[in-house]
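Heads up, the thing below is written out as structure tokens.
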Amino acid sequence: MAFINLKKKEVQAKIVYYGPGRGGKTTNLEHIHKTFRDRISSEMVAIKTHGDRTLFFDFLPFDIGQIKGYDVRLQIYTVPGQVKYDATRRLVLRGVDGLVFVADSMQLRREKNMVSLKNAEDNLKLYKKDIHKIPLVLQYNKRDLGEQGIPVLTVDELEKDLNSDLQVPYFEASALIGENVVETLKKIISLTMASLSKELE
Amino acid sequence: MEYALDQSQLEAIEDIIRQEFIELGVHCTCLIDMAGNIVANLDDGKTSFDVYSLAALAAGNFGAVSAMANMVGEQEFSLLFHKGKTESIHFSKVTDEFLLITIFGKETSLGFLRLKVAEAVKKFEKILGS
Ligand SMILES: Nc1nc2c(ncn2[C@@H]2O[C@H](COP(=O)(O)OP(=O)(O)O)[C@@H](O)[C@H]2O)c(=O)[nH]1
Ligand SMILES: [Mg+2]
């Protein structure tokens, strides 16, 4: 539910990183924070459990400059991925404008990716949003693990599992070393802004 | 999905915040939406909070408390109050989509603030309509 402030000529929109627990959502945000320090005036807010896992959400305000004469400010969130935190995920999804789904390339996580994507679809429905219509980008993360001899899903397998129905843009990424993290973000920003741009004419 | 507020609506909202809160000694007042976007934000010039993070946390917190209300059979807790040693925070719902956050010090009494919030909420609801 982006907010267009006609007085300040400013748009605020909300982007959520979704996906299975341990898939790399927090790592994505940490990399974004590091890379764009100059545009991010505040610290990243992280509400964690003792075990360092996301309990509520991670939050990063992000000033992307001007689009069509409007200042654009994004709020970027992650959700906790563990199944038991479904109520929290729903809260964070409220008013979401764009979604990044971070999938874990590890073969072991195949099922978890699919369950989490289905969960995103179900939770969006609660807000009367259709996963086929909302701006969405998939990120196949942890591609680096293959080089370390850890069994990973091929991109074809990930595409078949997650994207055969959705047909949205995807990136092969390694959030740990920052590979394709910024590209993923830029893509979701451009899709989200395109969906709003009619309003900004 | 998006919504827009124009100059006159936003100025009316800011006037209410200024007159009902800031001029009476409240440190900072924000009107946010439930997605965590900031609609209006004024402070007394002496305090500076990270309002973007504050709005994100407030929207999440309010959602969490609403979910708790449902669990105990309440429709909602329409206002929340957190008291600190020097700063206190008051949250109040404005329609189903907005939240008013007020941060104030010891010099402002809670009773007085609640009165002001109730008045302001009525005015905001007129502007924000539905
Ligand atoms: N090898 C590798 N590890 C990663 C990558 N991204 C994240 N991790 C690790 O996976 C674990 C979980 O990451 P985290 O960002 O907390 O996942 P979240 O639960 O989705 O927020 C951490 O130990 C990260 O260091 C990656 O691209 N490659
Ligand atoms: Mg996390």
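The values are calculated or read from the model by the stated rules, or taken from the named source; none is laboratory data. No experiment lies behind these values; they were computed from the predicted model shown. Here Cβ is always computed from backbone atoms with ideal geometry, including for glycine, and neighbour counts include all displayed protein chains. With ligands, DNA and RNA removed, areas are computed over all heavy atoms of the protein, side chains included. Shrake-Rupley method; radii C 1.70, N 1.55, O 1.52, S 1.80 Å.
Could you grab me the full set of residues in the range A:1-53 that are within 12 Å of chain B (Cβ to nearest Cβ) and β-branched (Val, Ile, Thr)?
A:ILE4, A:VAL11, A:ILE15, A:VAL16, A:ILE40, A:VAL45, A:ILE47
Provide a single number: the residues in the range B:19-37 that are farther than 16 Å from B:SER48 by Cβ and under 13 Å from the mean Cα position of the chain (by Cα).
8
What number of residues in the range A:51-81 are outside any strand (DSSP E or B) and under 16 Å from the mean Cα position of the chain (by Cα)?
Qualifying residue count for the region: 3.
Step by step: first the residues of the range A:56-69, then only those that are over 19 Å from A:LYS187 (Cβ atoms) and within 11 Å of chain B (Cβ to nearest Cβ), then the one that is most open to solvent (accessible area, probe 1.4 Å). Which residue is that?
By that ranking, first place goes to A:PHE56.
Test of understanding: among B:SER53, B:SER88, B:SER92, which residue is open to solvent by less than 20 Å² (accessible area, probe 1.4 Å) and touching a Gly at 6+ places or on another chain (Cβ under 9 Å)?
B:SER88
Select from the range B:22-41 the residues that are buried (at least 17 other Cβ atoms within 10 Å of the Cβ) and free of Cβ contacts under 8 Å to residues at least 60 places away in the same chain and write down the one among them that is nearest to the other protein chains (Cβ to nearest Cβ).
Filtering first and then ranking leaves B:ALA35.
Among the residues of the range A:159-193, count how many are over 17 Å from the mean Cα position of the chain (by Cα) and in a helix (DSSP H, G or I).
3
Here are some residues: A:LYS128, A:LYS198. Which one is exposed (fewer than 14 other Cβ atoms within 10 Å of the Cβ) and in a loop (DSSP other than H, G, I, E, B)?
One residue alone meets the criteria, A:LYS128.
Filtering the range B:67-76 down to residues that are surrounded by 10 or more Cβ atoms within 10 Å (Cβ to Cβ) and out of contact with any strand residue (DSSP E or B) (no Cβ under 9 Å at 6 or more places or on another chain), which residue is farthest from the other protein chains (Cβ to nearest Cβ)?
Selected residue: B:GLU74.
Considering only the range A:37-56, state which residues are over 18 Å from A:VAL182 (Cβ atoms) and either more than 13 Å from ligand 1 (Cβ to nearest atom) or without any contact (Cβ under 8 Å) to a residue 12 or more places away in the chain (or both).
Once the filter is applied, which keeps residues that are over 18 Å from A:VAL182 (Cβ atoms) and either more than 13 Å from ligand 1 (Cβ to nearest atom) or without any contact (Cβ under 8 Å) to a residue 12 or more places away in the chain (or both), the range A:37-56 yields A:SER41, A:SER42, A:GLU43, A:VAL45, A:ILE47, A:LYS48, A:THR49, A:HIS50, A:GLY51, A:ASP52.
Among A:ASN123, A:ASN113, A:ASN119, which is touching a residue at least 12 places away in the same chain (Cβ under 8 Å), open to solvent by 10 Å² or more (accessible area, probe 1.4 Å) and away from ligand 2 (no atom under 14 Å from the Cβ)?
A:ASN119
State all residues of the range A:71-87 that are within 11 Å of chain B (Cβ to nearest Cβ) and either within 13 Å of ligand 1 (Cβ to nearest atom) or touching a residue at least 40 places away in the same chain (Cβ under 8 Å) (or both); if no residue qualifies, say none.
A:ARG73, A:LEU74, A:GLN75, A:ILE76, A:TYR77, A:VAL79
Take the residues in the range A:5-50 that are surrounded by fewer than 14 Cβ atoms within 10 Å (Cβ to Cβ) and not charged (D, E, K, R), then tell me which one is farthest from ligand 2 (Cβ to nearest atom).
Of everything passing the filter in the range A:5-50, A:SER41 is farthest from ligand 2 (Cβ to nearest atom).
With the checklist (1) within 16 Å of ligand 2 (Cβ to nearest atom); (2) farther than 26 Å from A:ARG143 by Cβ; (3) acidic (Asp, Glu) in hand, flag the one item A:ASP63 doesn't pass.
It is condition (1) that A:ASP63 fails.
Got a sec? Which of A:LEU108, A:LEU99 is more than 12 Å from chain B (Cβ to nearest Cβ), within 16 Å of ligand 1 (Cβ to nearest atom) and surrounded by 22 or more Cβ atoms within 10 Å (Cβ to Cβ)?
A:LEU99 is the lone residue from the list that is more than 12 Å from chain B (Cβ to nearest Cβ), within 16 Å of ligand 1 (Cβ to nearest atom) and surrounded by 22 or more Cβ atoms within 10 Å (Cβ to Cβ).
What pairs come out if I take residues in the range A:20-36 that are at positive phi and pair them with residues that are within 13 Å of ligand 2 (Cβ to nearest atom) whose C-beta lies under 6 Å away, six or more apart or interchain?
A:GLY24/A:VAL102; A:GLY24/A:ASN141; A:GLY24/A:ALA175
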